[in-house]
Ligand SMILES: C[S@@+](CC[C@H](N)C(=O)[O-])C[C@H]1O[C@@H](n2cnc3c(N)ncnc32)[C@H](O)[C@@H]1O
């Protein structure tokens, strides 16, 4: 959450089971958005109901 992400211009990101742990999901979103190219895709895979595992 404090280190820079390694590169920009990504086509897509897949963030699985992280957003629910961080202190600021909004900051996480901002950081990911900053390294995805315009028109790229950010996928978030989170578990709200652990029974769905
Ligand atoms: C349940 S694991 C999921 C790991 C992996 N993404 C997966 O899908 O198997 C949660 C991950 O969130 C990371 N994490 C939690 N809080 C974090 C933070 N503040 N900054 C960076 N990573 C964090 C942990 O290090 C851990 O790797």
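For the range 1-19, the candidate set comprises residues that are within 22 Å of residue 48 (Cα to Cα) and either at pLDDT 90 or above or part of a strand (DSSP E or B) (or both); within that set, the residue that is farthest from the chain's Cα centre (by Cα) is 17. Condition first: outside any helix (DSSP H, G or I) and more than 10 Å from the ligand (Cβ to nearest atom). Now tell me which residues in the range 20-45 satisfy that. Result: 36, 37, 38, 39, 40, 41, 42, 43, 44.
The values are calculated or read from the model by the stated rules, or taken from the named source; none is laboratory data. These figures come from a predicted structure and were not determined experimentally. Heads up, the Cβs are rebuilt from the backbone with ideal geometry, glycines too, and the neighbour counts pull from every protein chain shown.
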